[in-house]
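Worksheet for the structure shown next.
The values are calculated or read from the model by the stated rules, or taken from the named source; none is laboratory data. Owing to the predicted nature of the structure, the values given are computational and were not obtained by experimental measurement. Cβ: placed from backbone, ideal geometry, glycine included. Neighbour counts: every protein chain shown. Just the protein is used for accessible areas: all its heavy atoms, side chains included, with ligands, DNA and RNA removed. Shrake-Rupley method; radii C 1.70, N 1.55, O 1.52, S 1.80 Å.
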Amino acid sequence: MPLLTGAEPFRHEGGETAVLLCHGFTGSPQSLRPWAEHLAARGLTVSLPLLPGHGTRWQDLGVTGWQDWYAEVDRELRALRERGDRVFVAGLSMGGALALRLAARHGDAVSGVMVVNPANKVHGVAAHALPVLRHFVPATKGIASDIAKPLSRELGYDRVPLHAAHSLRNFFRLVDGELPGVTQPLLLMRSPQDHVVPPADSARILGRVSSVDVTEVLLEQSYHVATLDHDAERIFRESTAFIGRLAPGAVRESGLGKEGTTAGG
């Protein structure tokens with residue numbers, strides 16, 4: 001299937017400090033593209049891959065699972081490390097869970113973690129019915145574009161395939177058990193008014209990681225997709241400051257970097 005316009009992955013070759021960005025469930029790189037471009041403009045190497053099953057049609061997501069999504073970002077991290085880069089991992093929603101697992105499993109190969117409204121659990125009564133329900137109901141209503149800012153829109157599916165949702169539920173359980181293995185500096189940014197991921201998920205993550213250097217930022221003016229919302233610029237500032245503190249000299253002033261590129265894979 002052809003990619004939806006705007007769903008293309010993004011890559012920028014910058015300096016020796018890199019950021020791997022992970023988008024969310026049913027979403028696409030479009031939701032993180034402004035963040036990626038901000039980081040690239042400050043001289044950082046940036047990788048924003050398209051997760052398998054995303055960016056085309058919701059039926060394609062239904063034949064993938066968490067192993068496919070995690071394998072994609074794991075490959076990207078290994079490729080960045082092979083270049084000798086110092087790597088920070090970041091993500092939105094499910095992408096935050098992917099980033100946290102990368103940190104837990106790769107240890108010192110990850111210099112820091114930055115997450116926006118990270119998800120930790122599939123909530124609601126229906127979640128418990130997913131193991132059976134997915135065999136009878138192919139999909140339910142979508143979760144994309146929870147944004148307060150007028151006219152701002154997330155490019156994501158309008159349906160959630162239940163086979164993929166079941167896999168996502170299993171993935172969150174797995175990551176929750178691995179959170180104590182996260183020891184890197186952590187920047188967690190969350191929206192109190194989030195209609196997709198409740199505050200309990202961030203609280204759970206903060207309570208289980210082993211990180212000593214932890215910064216929590218409240219995004220008061222935004223909903224779930226805060227990277228496209230009123231607080232986007234704050235996310236950009238907080239993340240560049242976080243990287244600059246941990247990797248002195250890595251971040252430069254805007255306007256000195258090259259244009260990033262989109263790629264088909």
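Descriptive notes on the structure:
- Enumerated strands (runs of 3 or more DSSP E) restricted to the range 27-130, each holding at least 1 residues that are modelled with pLDDT under 95 and either surrounded by fewer than 22 Cβ atoms within 10 Å (Cβ to Cβ) or hydroxyl-bearing (Ser, Thr, Tyr) (or both): 86-92
- Residue under evaluation Ala241, criteria (1) out of contact with any Lys or Arg (no Cβ under 9 Å at 6 or more places or on another chain); (2) touching a residue at least 24 places away in the same chain (Cβ under 8 Å); (3) within 17 Å of Gly91 (Cα to Cα), criterion not met: (2)
- Per this entry, Ala165 is not counted among residues that are in a helix (DSSP H, G or I) and either over 25 Å from Ala7 (Cα atoms) or without any contact (Cβ under 8 Å) to a residue 24 or more places away in the chain (or both).
- Residues of the range 197-219 that turn out to be under 17 Å from Val175 (Cβ atoms) and either open to solvent by 50 Å² or more (accessible area, probe 1.4 Å) or not small (Gly, Ala, Ser) (or both), as a count: 12
- Scanning the range 228-241 turns up no residue that is assigned to a loop (DSSP other than H, G, I, E, B), over 19 Å from the mean Cα position of the chain (by Cα) and either at pLDDT 95 or above or surrounded by 18 or more Cβ atoms within 10 Å (Cβ to Cβ) (or both).
- Some residue of the range 150-159 being in contact with a Leu (Cβ under 8 Å, 6 or more places away or on another chain), in a strand (DSSP E or B), open to solvent by 20 Å² or more (accessible area, probe 1.4 Å) and at pLDDT 95 or above: no
- Residues of the range 72-98 satisfying the condition of being touching a residue at least 40 places away in the same chain (Cβ under 8 Å) and among the charged types (D, E, K, R): Glu76, Arg83, Asp85, Arg86
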